[in-house]
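Presented below is the structure to which this report refers.
The values are calculated or read from the model by the stated rules, or taken from the named source; none is laboratory data. Keep in mind that what you see is a predicted model, and the values were worked out from it rather than measured. Note that each Cβ is placed from the backbone with ideal geometry, even for glycine, and that neighbours are counted across all protein chains shown.
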Amino acid sequence: MKIRVEGLSDTPLHLMAREPVSDFPALAKLDEDGECRFLCPLHLDFTIAREFDHIRAHGHVDTKVRFTCSRCLAEYDAELCTEFTIFYSKTSRVPVEEEIALSEEDLVSVSYEGDTIDFTNEVAEQVLMEIPLKPLCSEECKGLCSTCGTDLNSGECECARSGAGFTFSALKDVTVKK
């Protein structure tokens, strides 16, 4: 999604769009690599207005994604929703060698050049931050048996399990002398 800066005023501009995931290279790569699968296009809802010397964009993005649970390996679908505000400022040339202190507003601001603003990178970044590092089908997921691979969510297996795993089995007979 791109907008022309010259037509913006103090009156907020409301834009809605449906964009295919293929328009966002970082998200398309996740889909290609099998980390998750986007089941529908991104629904974008933006309110954009000029404020003083910058442009304020408040965005809402949602989509549906299929993940693989990191515990039981079952696939599940989840809604991803993110809401954010980003300030866009005209590019200013700051010497690279000069150190500058960043304010809180600088942490949510982006510079642009020319007469258009492209939201592609910021939208992809916001969606990427919503994707879990270790997806879980539910907080109560029991995972797979480490011995036979049975899905423990669907029932118990016949494996004998002791309190300690293989990692600490060498320590089971150790006694500590005081």
Residue selected from the stretch 119-146 under the condition over 24 Å from CYS72 (Cβ atoms) and exposed (fewer than 13 other Cβ atoms within 10 Å of the Cβ), by the criterion modelled with the highest pLDDT:
MET129
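Taking the criterion of being surrounded by fewer than 18 Cβ atoms within 10 Å (Cβ to Cβ) and assigned to a strand (DSSP E or B), would at least one residue in the stretch 24-35 satisfy it? Walk me through it before giving the result.
The initial filter retains those residues of the stretch 24-35 that are surrounded by fewer than 18 Cβ atoms within 10 Å (Cβ to Cβ), namely 25-26, 28-29, 31-35.
From the residues that got through so far, the ones that are assigned to a strand (DSSP E or B) too are none.
The answer is no, given that none of the residues of the stretch 24-35 is surrounded by fewer than 18 Cβ atoms within 10 Å (Cβ to Cβ) and assigned to a strand (DSSP E or B).
Confirm whether LYS64 is modelled with pLDDT of 95 or more and under 30 Å from LEU15 (Cβ atoms). Walk me through it before giving the result.
On the way: modelled with pLDDT of 95 or more: yes; under 30 Å from LEU15 (Cβ atoms): yes.
Against the criterion (modelled with pLDDT of 95 or more and under 30 Å from LEU15 (Cβ atoms)), LYS64 qualifies.
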Reported set for the stretch 147-156 where residues are closer than 11 Å to CYS72 by Cα and assigned to a loop (DSSP other than H, G, I, E, B) is GLY149, THR150, LEU152, ASN153, SER154
Criterion: surrounded by 12 or more Cβ atoms within 10 Å (Cβ to Cβ) and polar (S, T, N, Q) - qualifying residue of THR68, THR11:
THR68
Being hydroxyl-bearing (Ser, Thr, Tyr) and touching a strand residue (DSSP E or B) at 6+ places or on another chain (Cβ under 7 Å) is the filter here; which residues of the stretch 12-48 pass it?
THR47
